[in-house]
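Take a look at the structure set out below.
The values are calculated or read from the model by the stated rules, or taken from the named source; none is laboratory data. Nothing here was measured: the structure is a model prediction, and the numbers come from that model. Positions of Cβ are backbone-derived with ideal geometry, glycine not excepted, and every protein chain shown enters the neighbour counts. We work out accessible area using only protein heavy atoms, side chains counted, and drop any ligands, DNA or RNA first. Shrake-Rupley method; radii C 1.70, N 1.55, O 1.52, S 1.80 Å.
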Amino acid sequence: QELPYPSNFDTPRIQRGMALENGSGRWCKLEHAHPAWLNQSAPEGVIAGTEAYKRWAYQTFFKGYYRLVASLDDNTGCLLEYLDQAGLSENTIVVYTSDNGFSLGEFGLFNKMWMYENSLNIPFIIRWPAKIKAGTTNDALTNILDIAPTFVELAEGQMIPEFQGHSLKALLM
């Protein structure tokens, strides 16, 4: 089935700045996605650099990407189920995070190299039933540098002076 396009999929990139528009970001534009990144060649008559190629690349790339995400979700569920069944959940911290966010077709982009909000935000999900109430959320502005100090404090370890960032423990509980 066809994926819906983001509302700003066709918004001119010139609004995002000249560097992106003039080619320095060529390899993160869907209309220039290399077929090898998509694991297949474009259909006959669909030529790189065209609107048709951009739409084909979006459908091809993100169907694969969403299959990957679904697999991660399924396997994370298996891990959590095992921890529950083995009686290990209460004393096990499970963390889901990433290095950075990702453009999901906004402005026809599919990468994470541009400093737009969708690339700056990262998932940071923690499951620790003994200490963190399920469904807890927090919108505080944090930094990836805060993750290591958080783990050290949660493990009741000793903070070292070279660590940058601050523990997020107070935001979690």
_Can you confirm whether A140 is within 20 Å of the chain's Cα centre (by Cα), of a type in the set (G, A, S), closer than 30 Å to P6 by Cα and part of a loop (DSSP other than H, G, I, E, B)?_
yes
*Residues I160, I147, I93, I132: which one is open to solvent by less than 90 Å² (accessible area, probe 1.4 Å), modelled with pLDDT under 90 and over 30 Å from R13 (Cα atoms)?*
I160
*Qualifying positions in region 146-164 - among the β-branched types (V, I, T) and in a loop (DSSP other than H, G, I, E, B)*: I160
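Mind telling me which of the residues G64, G49, G77 ends up being part of a helix (DSSP H, G or I), in contact with a helix residue (DSSP H, G or I) (Cβ under 8 Å, 6 or more places away or on another chain) and surrounded by fewer than 15 Cβ atoms within 10 Å (Cβ to Cβ)?
Numbers: G49 fails: part of a helix (DSSP H, G or I); G77 fails: in contact with a helix residue (DSSP H, G or I) (Cβ under 8 Å, 6 or more places away or on another chain).
Testing whether each residue is part of a helix (DSSP H, G or I), in contact with a helix residue (DSSP H, G or I) (Cβ under 8 Å, 6 or more places away or on another chain) and surrounded by fewer than 15 Cβ atoms within 10 Å (Cβ to Cβ) leaves just G64.
Any idea how many residues of region 99-129 are assigned to a helix (DSSP H, G or I) and open to solvent by less than 50 Å² (accessible area, probe 1.4 Å)?
5
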*Hits in region 56-85 (condition: in contact with a Phe, Trp or Tyr (Cβ under 8 Å, 6 or more places away or on another chain) and within 15 Å of G108 (Cα to Cα))*: A57, Y58, F61, F62
